[in-house]
């Protein structure tokens, strides 16, 4: 299907073989015999977490790539505990002839894929880094990229002293050497836009979020909306299932999605947010979104698939309001 | 291309006073401050505003626990602060209240420094943030789970106000101390010179000024009934009496400062819709960007 996805190298392997071959370098001490795994227990007898399918996958050839890995759907806060499957972890790369823009940079466990993306795509391109939230699933490899890419520029639309939240990968982890005063920064505030060569980005307040300062970014050339954690409710049955969904059918039930988004956006339970819903719907009426690119879960591609998932999420956001506020009830 | 001149970049962690402090013989306070207005790249550089980034160590008779890991960028100082308060004892546990980097970003460094230490809390997600950590050192805790430190128990309680869903609070049964993560956090100005000062040590006017600036970085507060949640907190206090409050953004609040601080914050939360939006997470006079103000750690 593409010439970059590492899975092609070992095409024909079973899912288990793929996972084993692509086991993270962090994993070691694999048990000689693996006992039956209890639900929620670490997979494959590893003493450390591991990820498979560390890949760089073209979404729009020459323009947009998904960079990421696949992990067991366990020990992850945004997932239902009874989900038996796998979860893609993602960030994205936009390119033109002269520029490369990271849209989020992923969790540290997907560093091999991020390294591969730089190796394969950066070349002489100027590197730009944009992120949706100051959290480790979005900026987990920011230090690596700032420390290793040639002349990177940070696109900054958030809050907080972000350059002090990461470290230069070339110093020992017990030292602190931040990037303040060394990294060029260009503001990317909400409702601002910027043309980076042929890449046309616009940033906005996220229409579904938990953290106060969460941004979505829309790239009009590809029609891709980078949604941070929103729209991350499509998961994988197997480790080597496709990470791109282009179907408008076989959707999960509204109630399932409602529980899942409230697992993350806990403020929605027993809350009233008509303006929030209105802004969500208005955004998708006003913009030609052809792809939804979350930091976890599958990529959703194509107008029909996008429209179906937008309607599903809208209905789930409405339904989440009726879920019980468990924190309040604990102390009622 | 607009860039902030290098000499305009405000270096953070401009701490006045000293850390660590032994608030009590068995309670140490570590950390420093962050400049919460010192965002990189801002064309409109603002006066330095301090956001305390605090961790606490409880020295139990048999075991020790650190409450939050301290801010990632403070490690150069925190490591030595830990040596000072532990006096050769090992750190047995580190409680990770939630995954935000200023609260738990030093987890990898702490577990490397203390090979016998285990992380406790809602530890989901940390394996993808710290793949270098053996999974057995990430110990999942649920609401009402507890640890025995020999002369006290540390209980883990579901947080009532959260900026991340996984937030737990910790309760020390001996000190009647609650570590409330992001709740009960306050901002101060540089010229107030209170970085390592506890509320009860401040003059009354200064204490009032500082507690007028609560950091309430919880998205969606205005969208649901906060009076019910204030009532829930009062119910929590009935079951778990509170004499000391600490948080990731507060030095210990104790003695005569405790009840007034509780009453003042709960009153503000109960009437959150009447607060100016920027007061939810910022400093009066410096409304940050965004629909509900800026974000603190």
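Rule-based calculations on the coordinates, nothing more; no lab input. Just so you know, these numbers come straight off a predicted model, no measurement behind them. For neighbour counting, all protein chains shown are included, and Cβ atoms are generated from backbone atoms with ideal geometry for every residue, glycine included.
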Build a GNM of chain A with springs between Cα atoms under 10 Å: which of A:71, A:176, A:299 gets the top mean-square fluctuation?
A:176
In the range B:6-280, what % of DSSP beta bridges are antiparallel (nearest 5)?
70
Give me the distance in nm between label points sitting 7 Å out from Cα along the Cα-to-Cβ direction at residue A:318 and residue B:190, one decimal.
5.2
Using a 10 Å cut-off on Cβ to Cβ distances, tally the other chain neighbours for every residue of B:215-228 and report the average as a whole number.
5
Largest fluctuation, A:317, A:173, A:213 only, Gaussian network model of chain A with Cα springs under 10 angstrom, belongs to A:173
Among DSSP beta bridges lying fully in chain A, give the percent that are antiparallel, nearest 5.
70
Computed, not fitted: 222 nm per-residue ellipticity of chain A from DSSP H runs ≥ 4 (each -39500 (n - 2.57)), nearest 500, equal to -6000 deg cm²/dmol
Sorted by mean Cβ packing within 10 Å, highest first, what order do the peptides A:215-224, A:250-259, B:49-58 take?
B:49-58, A:215-224, A:250-259
In a Gaussian network model over chain A where Cα atoms closer than 10 Å are linked, find which of A:86, A:276, A:65 has the largest mean-square fluctuation.
A:276
Using R₀ = 25 Å, calculate the FRET efficiency as 1/(1 + (r/R₀)^6) where r is the Cβ-Cβ separation of residue B:234 and residue A:81; round to 0.05.
0.20
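Indicate the gyration tensor shape class of the range B:6-280 (rounded, prolate or oblate), computed on the Cα atoms with a ≥ b ≥ c the square roots of the eigenvalues: a/c under 1.5 is rounded; otherwise a/b larger than b/c is prolate and the rest oblate.
Verdict is rounded for the range B:6-280.
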Please tell me the relative contact order of the range B:6-280 in percent, rounded to the nearest whole number, where contacts are Cα pairs under 8 Å and at least six residues apart.
17
Where labels lie 7 Å past Cα in the beta-carbon direction, separation of residue B:139 and residue A:182 in nm
3.8
How far apart, in nm, are two points set 7 Å out from the Cα along the Cα-to-Cβ line at residue B:213 and at residue A:191?
2.7
Other chains near B:92-105: what is the mean number of their Cβ atoms within 10 Å of each residue's Cβ?
2
Cα shape, the range B:197-263, gyration tensor, a/c 1.5 rule:
oblate
Other chains near A:184-195: what is the mean number of their Cβ atoms within 10 Å of each residue's Cβ?
3
Normalising by the residue count of chain A, find the relative contact order in percent from Cα pairs under 8 Å and 6+ residues apart.
14
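Quick check on chain A: take the gyration tensor over C-alpha atoms, sort the square-rooted eigenvalues as a ≥ b ≥ c, and tell me if it's rounded (a/c under 1.5), prolate or oblate. Intermediate values should be presented prior to the final figure.
Numbers: a/c = 1.33, a/b = 1.04, b/c = 1.28.
It is rounded, given that a/c, with a ≥ b ≥ c, falls under 1.5.
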